[in-house]
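Asker: This structure is in structure tokens; I'll ask about it shortly.
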Amino acid sequence: MNLVTLTSDYGPRSMYTGLAKAGLLSRISNLEIIDLRHNIAPCSVTEAAYIMLNTAFLFPVGSIHIIAVDNRIRIKHKEILIAEAKGHFFISYNTGIIPFISSENPSRIWVADTYDGDHFHSVSGVFSKAVELILDGGYKKLNPAGAMAETTVFQSPNIQTDRMVGTVMFFDDRGFAYTNIHRSEVENFIKGSKVVIQLTAHDSVDKIVDHLTDSREGSAGAFYSGGGYLVIGIYHDDTRNLLDFTKGSNIIIERR
């Protein structure tokens, strides 16, 4: 059984999610399709990249990840790309997301096809063909990708002498705030010192816990996602309500 994950901006209640799966399974029968997230903000390559970095590489090696998130760059770049990174395969429009996720030599990115049609029917059509190319090894005969679409997917945190400033990237359905601050960046910054994470003018946390349940109920806690990014959550509540967080809110980490 071949594992395929599906991420899109179709919306959680869209019929196109089902149509995409029908298209895949009608062409390739031995697939297991896992929905990662279908409520990506419309055309948000940033959010899609963040989801991929937090989830894709936790799946078994050999998994195929379809990223059906469109943006205006496709007016110029109409390629459907296949990329290989760390034993995983990614299929996406040429929106700038592939080089960001794969961080690989350009020779590991191939052009599977070109597509100028309806975004909502792409998975059942050209994306399904790309899956077939991966499974039968045909992708190895494809031409390497040339010019990549250029886009700023998301910025790294601003690291200063005595503090690190990151931002809230998105919220999950529980109101947890996911940031652009990676564990490796935190550990390299604090170097064994005590840490204070300033959330608002009046709210802070002084440690990063293994699980949010290690924090006091109703209070903010900090922990790392499966992909290693810092997450701020409130046990049994929503950070948007109690901390007045919004997308783009600053998170400040200081050494003490």
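The values are calculated or read from the model by the stated rules, or taken from the named source; none is laboratory data. For clarity, every value in this text was computed on a predicted model and none was experimentally measured. Here the Cβ is made from the backbone with ideal geometry for all residues, glycine too, and neighbour counts use every protein chain on show.
Asker: Applying the selection to segment 15-33, what residues are surrounded by 14 or more Cβ atoms within 10 Å (Cβ to Cβ) and touching a strand residue (DSSP E or B) at 6+ places or on another chain (Cβ under 8 Å)?
Answerer: Pass one, segment 15-33, residues surrounded by 14 or more Cβ atoms within 10 Å (Cβ to Cβ): 16-17, 19-21, 23-25, 27-28, 31, 33.
Once the filter is applied, which keeps residues that are surrounded by 14 or more Cβ atoms within 10 Å (Cβ to Cβ) and touching a strand residue (DSSP E or B) at 6+ places or on another chain (Cβ under 8 Å), segment 15-33 yields Tyr16, Thr17, Ala20, Lys21, Leu24, Leu25, Ile28, Leu31, Ile33.
Asker: Then there is this: For segment 219-242, what are the residues that are at pLDDT below 90 and aliphatic (A, V, I, L, M)?
Answerer: Those that are at pLDDT below 90 and aliphatic (A, V, I, L, M): Ala220, Ile234, Leu242.
Asker: List the strands (runs of 3 or more DSSP E) inside segment 146-237, counting only whole elements, that have at least 3 residues being under 18 Å from the mean Cα position of the chain (by Cα) and either under 27 Å from Ala41 (Cα atoms) or basic (Lys, Arg) (or both).
Answerer: 163-171, 177-182, 229-234
Asker: Scan segment 92-108 and give yes if some residue there is in a strand (DSSP E or B), β-branched (Val, Ile, Thr) and modelled with pLDDT under 90, otherwise no.
Answerer: So in segment 92-108, the residues in a strand (DSSP E or B) come out as 92-93.
Adding the requirement that they be β-branched (Val, Ile, Thr) leaves none.
No, segment 92-108 contains no residue that is in a strand (DSSP E or B), β-branched (Val, Ile, Thr) and modelled with pLDDT under 90.
Asker: Residue check: is Ala56 of a type in the set (A, V, I, L, M, F, W, C), touching a strand residue (DSSP E or B) at 6+ places or on another chain (Cβ under 6 Å) and assigned to a helix (DSSP H, G or I)? Steps first, please.
Answerer: Numbers: of a type in the set (A, V, I, L, M, F, W, C): yes; touching a strand residue (DSSP E or B) at 6+ places or on another chain (Cβ under 6 Å): yes; assigned to a helix (DSSP H, G or I): yes.
Yes, satisfied.
Asker: Would you confirm whether any residue within segment 16-38 is closer than 27 Å to His182 by Cα, in contact (Cβ under 8 Å) with a residue 40 or more places away in the chain and under 17 Å from the mean Cα position of the chain (by Cα)?
Answerer: No: segment 16-38 contains no residue that is closer than 27 Å to His182 by Cα, in contact (Cβ under 8 Å) with a residue 40 or more places away in the chain and under 17 Å from the mean Cα position of the chain (by Cα).
Asker: So Ala201 fits all but one of (1) farther than 24 Å from Pro99 by Cα; (2) loosely packed, with under 11 Cβ neighbours inside 10 Å; (3) in contact with a Ser or Thr (Cβ under 6 Å, 6 or more places away or on another chain); what number is the exception?
Answerer: (3)
Asker: Right, Thr114: within 23 Å of Thr46 (Cβ to Cβ), of a type in the set (Val, Ile, Thr) and either at pLDDT below 90 or surrounded by fewer than 19 Cβ atoms within 10 Å (Cβ to Cβ) (or both) or not? Talk me through it step by step, then tell me what you get.
Answerer: Details: within 23 Å of Thr46 (Cβ to Cβ): no; of a type in the set (Val, Ile, Thr): yes; either at pLDDT below 90 or surrounded by fewer than 19 Cβ atoms within 10 Å (Cβ to Cβ) (or both): yes.
No; evaluated as a whole, the condition is false for this residue.
Asker: Which of (1) in a helix (DSSP H, G or I); (2) modelled with pLDDT under 70; (3) surrounded by 14 or more Cβ atoms within 10 Å (Cβ to Cβ) is the odd one out, the single condition Phe127 does not satisfy?
Answerer: (2)
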